[in-house]
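First up is the structure itself, then whatever we jot down about it.
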Amino acid sequence: MIEKNRRPAFRFINNVGLQYHFFAAGRMFSVRLACRAPKLSVMAGWIYDGGVREICKSDKPWTQSDSPYLDINGDVIDIRDENGEIVVEARAANGEDGFIARGKPIHSLSWMDTFSENNDEVLHLPDITGTVEFRGTTYPAKGYCKHVEWTYAPRYTGYRFLHGLIDNGEIAVWSADAVFAYKKYDYFKMVEKDGSITVADEERSSHKQNTVYAKIGERDVRVEFEELGMWELPLIGDGSDMVIMQRYGNITFIENGVKKTGVAMTEYGFGRYTDGPISA
């Protein structure tokens with residue numbers, strides 16, 4: 001029996017994307033994993049610490065232990081569930097810039113993927129709360145996880161995504177605007193101070209280059225992003241030719257003229273993801 005508050009063992013299906021990032025003490029710590037069975041596998045990590053540094057990268061496949069819970073082991077990144085606490089360990093090539101993030105998800109949200117009704121759900125953990133250990137010091141941290149499992153994946157895809165924290169990290173916002181093959185996909189969600197989940201009206205959220213717009217009932221929301229650092233991860237091979245770009249920066253959250261500030265990570269992905277059919 002799998003405990004409800006724990007992450008189950010990692011499943012190796014046809015197409016998997018997994019990411020974690022954490023904000024701590026004016027820094028960001030990020031890991032990104034992507035797998036396309038049977039040949040494409042990549043895991044990488046980077047940090048923003050006044051500047052961007054890629055700390056590790058590998059194209060060697062990772063493994064899941066015999067544990068019934070999440071326990072990924074790679075040559076540069078390990079991710080595991082320790083009694084409901086998620087532990088992300090990234091080992092740096094220089095031996096200095098690696099980090100260990102620990103945190104417990106406050107909210108867990110999932111829904112069916114828009115590309116194919118036969119696909120598995122997409123998981124979001126928008127307000128992981130814990131710590132990051134970096135260069136001998138442990139900092140309070142808040143983070144995010146997204147886990148996408150595609151049994152069937154589009155040949156072409158393009159998406160924009162933002163996750164941010166405002167009001168001293170008390171409010172989490174996350175949003176996407178995407179096209180998977182010919183299917184449009186978008187959403188805007190918030191975890192409010194009282195822990196409630198707010199969702200934008202259907203078809204009333206969109207992304208520009210550095211701005212996200214949403215309409216939530218009578219609430220007009222705009223999120224403006226200011227880039228501080230950018231990192232790229234090409235996915236090339238086994239029929240794939242696309243790039244994932246992540247950016248760290250400041251955000252200004254504007255609701256009906258009232259401004260709040262915070263930090264955010266954006267991710268863009270564009271290109272040919274598979275050599276399969278153009279549409280589902």
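The values are calculated or read from the model by the stated rules, or taken from the named source; none is laboratory data. Everything quoted here is computed from the prediction, not taken from an experiment. Positions of Cβ are backbone-derived with ideal geometry, glycine not excepted, and every protein chain shown enters the neighbour counts.
Selection of region 27-50 for residues being farther than 16 Å from T266 by Cα and small (G, A, S) yields A34, A37, S41, A44, G50.
For first residues located in region 135-161 and loosely packed, with under 15 Cβ neighbours inside 10 Å, partners that are assigned to a strand (DSSP E or B) and of a type outside the set (K, R) and lie 6+ apart or on another chain with Cβ distances below 7 Å form the pairs T138/T131; P140/A24; P140/T131.
Which one of these is among the acidic types (D, E) and in contact with a strand residue (DSSP E or B) (Cβ under 6 Å, 6 or more places away or on another chain): D194, D201, D275, D220?
Every option except D201 fails the conditions.
So for region 104-113 (the condition being part of a loop (DSSP other than H, G, I, E, B), surrounded by 14 or more Cβ atoms within 10 Å (Cβ to Cβ) and at pLDDT below 90), does at least one residue qualify? Among the residues of region 104-113, at least one is part of a loop (DSSP other than H, G, I, E, B), surrounded by 14 or more Cβ atoms within 10 Å (Cβ to Cβ) and at pLDDT below 90, which makes the answer yes.
When restricted to residues that are exposed (fewer than 14 other Cβ atoms within 10 Å of the Cβ) and of a type in the set (D, E, K, R), region 242-276 contains 2.
Within region 1-55, if we keep just the residues that are more than 20 Å from L233 (Cβ to Cβ) and charged (D, E, K, R), the residue that is surrounded by the most Cβ atoms within 10 Å (Cβ to Cβ) turns out to be R7.
Conditions (1) modelled with pLDDT under 95; (2) over 29 Å from G130 (Cα atoms); (3) charged (D, E, K, R), marked per residue:
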{"residue": "A178", "(1), (2), (3)": "yes, yes, no"}
{"residue": "E192", "(1), (2), (3)": "no, no, yes"}
{"residue": "R204", "(1), (2), (3)": "yes, yes, yes"}
{"residue": "E218", "(1), (2), (3)": "yes, yes, yes"}
{"residue": "L228", "(1), (2), (3)": "no, no, no"}
{"residue": "K260", "(1), (2), (3)": "no, no, yes"}
{"residue": "V263", "(1), (2), (3)": "no, no, no"}
{"residue": "R272", "(1), (2), (3)": "yes, yes, yes"}
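Note on region 145-213: enclosed strands (runs of 3 or more DSSP E) holding 2 or more residues that are more than 19 Å from H107 (Cβ to Cβ) are 156-166, 171-180, 183-191, 205-207. Looking across region 173-208, the residues that are farther than 21 Å from Y268 by Cβ and surrounded by fewer than 20 Cβ atoms within 10 Å (Cβ to Cβ) come down to E192, K193, D194, G195, S196, I197, T198, V199, D201, E202, E203, R204. Using the structure shown, decide if V148 is within 24 Å of D81 (Cα to Cα), modelled with pLDDT under 95 and not charged (D, E, K, R). Here the answer is yes, as V148 does meet what is asked. Contact annotation: residue pairs with Cβ atoms under 7 Å, 6 or more positions apart or on different chains, pairing a residue in region 218-245 that is on the phi > 0 side of the Ramachandran plot with a partner that is assigned to a strand (DSSP E or B) and crowded, with 17+ Cβ neighbours inside 10 Å, are G237/L40; D238/R36; D238/L40.
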